[in-house]
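Just so it is clear, none of the values below were taken in a lab; they were calculated from the coordinates. In this text the structure is predicted, and so the values were computed from the model without any measurement. So basically every Cβ, Gly included, is an ideal-geometry build from the backbone, and we count neighbours across all protein chains shown.
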Amino acid sequence: MQPKRIAVIAISLVVGLAITAAIVYLRIPLAFGYHFGFGTTFVKFALSNVLLLILSFGGIAFIWLDYFMDTQFLKS
C-alpha cells in the first residue's frame, strides 16, 4: 500500500507542475480570437498564481488517482 501512496503523491505533483507550466508558457490560438495559455514566464506571472495553479491541478489529480488506485487517502 505504501508504494501506491507515494506514487499518488508524486504523480499528482508532476501533473500539477506540468499543467501549470503548459498554461503559463504556452499560448495556443483557438477559434474566434481566443487562445489557451498566457505565453509568459513564471517570473512575469505572479508567484502566488503559480502556486495556486499547481495546488489546484495537483489536488484534482490527487483525488482521481486516490480513487483509481484505491489508496484510501480520502475516506468515503
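The gain in end-to-end length when the LEU13 to ASN49 segment is fully stretched comes to 11.4 nm, 0.36 nm per residue minus the alpha carbon separation. Ordering MET69, MET1 from the fewest to the most neighbouring beta carbons within 10 Å gives MET1, MET69. Gain on full extension, evaluated as 0.36 nm per residue between ILE6 and PHE38 minus their Cα-Cα distance, stands at 8.3 nm.
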